[in-house]
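Structure, as structure tokens:
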Amino acid sequence: MKKIGVLGTGTMGAGIIQVFAQKGYEVCVRARRDSSIERGLATVSKNLDRLIKKERLTEEQKTEIMGRIHTSTDISIMKECDLIVEAATENMEAKKELFAQLDEICKEDTIIATNTSSLSITEIASATNRPDKVIGMHFFNPVPVMKLVEIIKGIATSDETKEVIVGLTKEIGKTPVEVEEAPGFVVNRVLIPMINEAVGILADGVATKEDIDEAMKLGANHPIGPLALGDLVGLDVCLAIMEVLYNEFGDSKYRPHPLLRKMVRANLLGRKTKEGFYNYNR
Ligand code: 3HC
């Protein structure tokens, strides 16, 4: 693998771009708008500056890393890539459309991975003529810090594709965990209902948001509390994952809390809109 394609420059996309570029891969990036590309590159640049400040990276290394990132709004930039990681919007129809396009323009042996947080790999793969080369490669936020990548095979994903992706995951310094296709896979099936429950506890007036978070930090040794984590992940993403769990299992224990819905309707999505359960303007 030499050339990696990344589709999407949001929170996850930018992190994925950074990790591959830092490891020496040429990274081809496609986003729909120039402004999204600029925002993604700015995120990577800011993260690298943080490493320079800590004297873990030099200015020269940063220039080299940024030089390995090639961008376009045209999907044909993906043509020569050996692996593509799709980190676009969590919408099944949009993903299927993208995968169908990629299938048409990419080399025959290109693997197309999706960073979906809960959607069916099998269904995404069904939009292509290469379901054996479609796989889930699920990174965690913040991508440069978090060690885990969930590797999810769809019904038709070949063992060979899985082995390549497991090997690559290790090579970029992450730890792969193989997961059978199931709604929310492993982490999000545990983590997102926990955040949803914390929202319910807040709505019930059981404790303040600060105390809910403090309780989980000190009582369960979590690095940040569930409401702060919801803000980090994005409350829209949390809601989308709860919807998938609720619809797929049909079990009321996965019902998104009305307060979570209300926050999303108000565009209080967390860090990305500068306000969620906490305010990030300062
Ligand atoms: N990008 C890159 N690096 C970052 C970062 C970011 N956005 N945020 C923090 N860091 C780095 C810091 O530079 C620091 O690095 P160092 O220790 O090597 O110097 C390290 O992370 C610790 O950062 P801080 O000291 O500033 O702050 P914290 O101690 O609070 O750590 C955290 C920040 C790593 C984000 C920590 O709070 C944490 O682990 N939170 C939980 C994260 C989590 O659970 N993520 C999973 C979310 S679910 C998901 O992503 C799935 C998706 O499908 C929804």
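The values are calculated or read from the model by the stated rules, or taken from the named source; none is laboratory data. If you're wondering where the values come from, they're calculated on a predicted model, not measured in any experiment. Cβ atoms come from the backbone with ideal geometry, glycine included; neighbour counts cover every protein chain shown. Remember, those area values only see protein heavy atoms, side chains included, never the ligands or the DNA or RNA. Shrake-Rupley method; radii C 1.70, N 1.55, O 1.52, S 1.80 Å.
Only one of (1) under 19 Å from the mean Cα position of the chain (by Cα); (2) more than 14 Å from the ligand (Cβ to nearest atom) is not met by Ala203, so which one is it?
Failed condition: (1).
Take the conditions surrounded by 14 or more Cβ atoms within 10 Å (Cβ to Cβ), within 16 Å of the ligand (Cβ to nearest atom) and free of Cβ contacts under 8 Å to residues at least 60 places away in the same chain and apply them to Thr157. Does it pass?
For Thr157, the condition - surrounded by 14 or more Cβ atoms within 10 Å (Cβ to Cβ), within 16 Å of the ligand (Cβ to nearest atom) and free of Cβ contacts under 8 Å to residues at least 60 places away in the same chain - is not met.
Look through the stretch 160-189, keep the residues that are in a helix (DSSP H, G or I) and within 13 Å of the ligand (Cβ to nearest atom), and return whichever of them is surrounded by the fewest Cβ atoms within 10 Å (Cβ to Cβ).
Val187
Just need a number here: residues in the stretch 120-139 that are open to solvent by 10 Å² or more (accessible area, probe 1.4 Å), closer than 30 Å to Gly230 by Cα and assigned to a loop (DSSP other than H, G, I, E, B).
Qualifying residue count for the region: 1.
Being of a type outside the set (Ser, Thr, Tyr), over 23 Å from Ala21 (Cα atoms) and under 19 Å from the mean Cα position of the chain (by Cα) is the filter here, so list the residues in the stretch 107-139 that pass it.
Leu119, Ile121, Glu123, Ile124, Ala125
Residue by residue, here is whether (1) under 16 Å from Tyr25 (Cβ atoms); (2) buried (at least 23 other Cβ atoms within 10 Å of the Cβ) holds:
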{"position": "Ile75", "(1), (2)": "no, no"}
{"position": "Met78", "(1), (2)": "yes, yes"}
{"position": "Cys81", "(1), (2)": "yes, yes"}
{"position": "Val85", "(1), (2)": "yes, yes"}
{"position": "Asn91", "(1), (2)": "no, no"}
{"position": "Ala94", "(1), (2)": "no, no"}
{"position": "Leu98", "(1), (2)": "no, yes"}
{"position": "Glu104", "(1), (2)": "no, no"}
{"position": "Thr110", "(1), (2)": "yes, no"}
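Determine if the stretch 140-154 includes at least one residue that is over 15 Å from the mean Cα position of the chain (by Cα) and either open to solvent by 50 Å² or more (accessible area, probe 1.4 Å) or in contact (Cβ under 8 Å) with a residue 12 or more places away in the chain (or both).
yes
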